[in-house]
1. For segment 1-124, report the translational diffusion coefficient in µm²/s to the nearest whole number, using Stokes-Einstein at 20 °C, 1.002 mPa s, and a Kirkwood Rh over Cα pairs.
2. Can you list the residues of segment 5-19 with backbone N under 17 Å from a point 7 Å past the Cα of ASP161, pointing along Cα to Cβ?
3. Using the Cα centre as the reference, give the magnitude of the dipole from point charges on the C-beta atoms of the chain (Lys, Arg: +1; Asp, Glu: -1; all else neutral), rounded to the nearest 20 debye.
4. When ranked by the protection proxy of mean other Cβ atoms within 10 Å per residue, highest first, what sequence do the peptides 149-161, 240-252, 174-186 form?
5. Which Cα, out of ALA236, PHE60, GLY155, lies furthest along the positive dipole direction of the chain (beta carbon charges, K/R +1, D/E -1)?
6. Quick one: if you take sqrt(5λ) for each eigenvalue of the C-alpha gyration tensor of the chain, what semi-axes come out, biggest first, whole angstrom?
7. How far is it, in nm, from the label point at ILE104 to the one at PHE195 when both lie 7 Å from their Cα along the line to the Cβ?
8. Based on the Cβ-Cβ distance of ARG150 and ARG56, what FRET efficiency does E = 1/(1 + (r/R0)^6) give at R0 = 35 Å, to the nearest 0.05?
Amino acid sequence: MRCPEDEIPALSAERDYERIAYLLTCHAFAWDIERALEFALFRTYAVPSISGLLERTGEFLRRPRKRYDDTELLLSEPLENGLDSGRGREAIGRINAMHGSYRIANEDMLYVLGTFVLEPVRWLERFGRRPMTPHERAGWTNYYRALGRRMGIEGIPEDFDGFAAQNARVERERYRYADSNRAIGTATLDLLLGFYLPRPLIKAARPVALSLMDAPLLAAMGFAPPPAGLRRAVLAAMAARAAVLRRLPRRRRPRRITALHRPGYPVGYRIAELGTWPAGRGEPPRP
């Protein structure tokens, strides 16, 4: 029996990129892409202008779980339902309204968009049951190019290599330590570990997660490099996981991010209520 991801080779990376991105995220690499996008957050925090804005809003420090959930849901709505679907347009409009409340440089927006393109591809090359094919990578890139256009981002690269060159330049020129990097990064790290561990174990487990980060990122975040032996063990465990996955049946039913249970939204959510609301600039509408 064919799996849904087997549909991808017959799709056009130039026209069917929304379907390709959906199949990659909800079928082929559901767990891996979600984790990759979580680790992509840390790369954005290593740019002080980005982490500084997040620190000033206070949301990631006061309510990290809500901020994480809202970000994931707003990005997943257009991916799962279509960029130009009713829910997709509403979610992108909500993202644009939030960004419009702050002074955000286009270069910062481009860099964040680039992490969405690059980091899942790189994660799968390192830890996935298989890497994305060139065809899948092109469709994945085109999806985020289309999302970026709807967000009003200017100067979007034409292809994956363009994003790679752009983000490499930003990381060379703008990665540097700031207290806001560490504050936002630590709050996010503890949140992510808390999905799997009881609170008393979170601090002890931090070096395990840090073993998946590269040296320039660790330095910019102000995180101590994990012991070399631990890093080797973590990478070996990830390689063993990939080997096991290659022998398991592939996913036939979609794993939709928008359908996952979230303690902060026990009876569901409305897109209009997601995200941040700057003081003095209104409140989310109520039913």
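FYI, it's all coordinate maths here, none of it is from the lab. Predicted model, so just to flag it, every value in this text is computed and none were measured. Please note: Cβ atoms are built from the backbone with ideal geometry, for glycine as well, and neighbour counts cover all protein chains shown.
1. The Stokes-Einstein estimate is 135 µm²/s.
2. Backbone N within reach: none found.
3. Details: 46 positive and 34 negative charges, 216 e Å.
Here the chain has a charge dipole of around 1040 debye.
4. Details: 149-161: 14.5, 240-252: 11.6, 174-186: 18.6.
Taking the mean over residues of other Cβ atoms within 10 Å, the ranking is 174-186, 149-161, 240-252.
5. Value computed over the given set: ALA236.
6. Details: eigenvalues 136, 128, 82 Å².
They are 26, 25, 20 Å, listed largest first.
7. Output for this residue pair reads 2.1 nm.
8. 0.85
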